[in-house]
1. Kindly indicate which of THR54, THR34 is surrounded by fewer than 18 Cβ atoms within 10 Å (Cβ to Cβ), of a type in the set (Ser, Thr, Tyr) and touching a helix residue (DSSP H, G or I) at 6+ places or on another chain (Cβ under 9 Å).
2. So in the stretch 101-125, with the set limited to residues that are of a type in the set (S, T, N, Q) and at pLDDT 85 or above, which one is nearest to ALA138 (Cα to Cα)?
3. Take the stretch 23-80 and flag every residue that is aromatic (Phe, Trp, Tyr) and farther than 19 Å from LEU142 by Cβ.
4. Here are some residues: ALA41, ALA9, ALA65, ALA35. Which one is touching a Ser or Thr at 6+ places or on another chain (Cβ under 6 Å) and hydrophobic (A, V, I, L, M, F, W, C)?
5. Suppose we keep only residues that are outside any helix (DSSP H, G or I) and at pLDDT 90 or above within the stretch 144-168. Which one would you say is farthest from the chain's Cα centre (by Cα)?
6. Going through the stretch 114-127 one residue at a time, which ones are among the β-branched types (Val, Ile, Thr) and farther than 19 Å from ILE66 by Cβ?
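The values are calculated or read from the model by the stated rules, or taken from the named source; none is laboratory data. A quick note: this is a predicted structure, and the numbers were derived from the prediction, not measured. Ideal geometry is used to build each Cβ from the backbone, glycine not excepted, and the neighbour counts take in all protein chains shown.
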Amino acid sequence: MMSEDGLEAVRSGLPAQLASLWRYGIVLSRHRQTAEDLVQATCVRALERGAQFTAGTRLDRWLFAIMRSIWLNDLRAARVRQGGGLVDADDVLVFDGITHTETNILARQVLSEVQKLPEAQRETVFLVYAEGMSYAEAAQALSIPIGTVMSRLAAARAKLAGLGGDGV
């Protein structure tokens, strides 16, 4: 176990989590500026409450929980933010050569289809497939039963199964 206190662990580990936080912000909000605002609010709250973090545990999971809480509070307060603009996959993907073009085209299609999923499925897909959480970790992060995680993923996979059709 780490010997650092919680605040020092947050301060030293936070920079490495920024990209994951930004991706999670995009998944939650579907809007680049809102995602950036969520990352900033999450960082501020994490630093303010760093003493509450248990050093040696998963900082990313703790930060995701903070971000999700901020997002839900914002939704409750604003009641409008939903559907505030999609991030164009072309802006997110980098095309760096012919060998990656097909992969990026498929990734763009997948991102586009994932963005069309209902929020609960989209969020669960992100946590499990993009961030590599186990079903149990995702259930804990979302405060739902593990069976609900499995159900959401099954429904999302069924909706995404048509990608790569034409026998591909």
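1. None of the others qualify; the one that does is THR54.
2. Within the stretch 101-125, the match that is nearest to ALA138 (Cα to Cα) is THR124.
3. Of everything in the stretch 23-80, just one residue is aromatic (Phe, Trp, Tyr) and farther than 19 Å from LEU142 by Cβ, namely PHE53.
4. Working: ALA41 fails: touching a Ser or Thr at 6+ places or on another chain (Cβ under 6 Å); ALA9 fails: touching a Ser or Thr at 6+ places or on another chain (Cβ under 6 Å); ALA65 fails: touching a Ser or Thr at 6+ places or on another chain (Cβ under 6 Å).
On inspection, the qualifying residue turns out to be ALA35.
5. Of the residues in the stretch 144-168, the ones outside any helix (DSSP H, G or I) are 144-145, 161-168.
Narrowing further to those that are at pLDDT 90 or above: 144-145.
Numbers: ILE144: 16, PRO145: 19 Å.
For the stretch 144-168, the residue satisfying everything is PRO145.
6. Of the residues in the stretch 114-127, the ones among the β-branched types (Val, Ile, Thr) are 114, 124-125.
VAL114, VAL125 - these are the residues of the stretch 114-127 that are among the β-branched types (Val, Ile, Thr) and farther than 19 Å from ILE66 by Cβ.
So that you can scan it fast, the table gives a plain yes or no per residue for (1) in a helix (DSSP H, G or I); (2) of a type in the set (A, V, I, L, M, F, W, C); (3) under 13 Å from the mean Cα position of the chain (by Cα); (4) under 16 Å from MET133 (Cα atoms):
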| site | (1), (2), (3), (4) |
| --- | --- |
| GLY13 | yes, no, no, no |
| LEU18 | yes, yes, yes, no |
| ILE26 | yes, yes, yes, no |
| GLU36 | yes, no, yes, no |
| ALA65 | yes, yes, yes, yes |
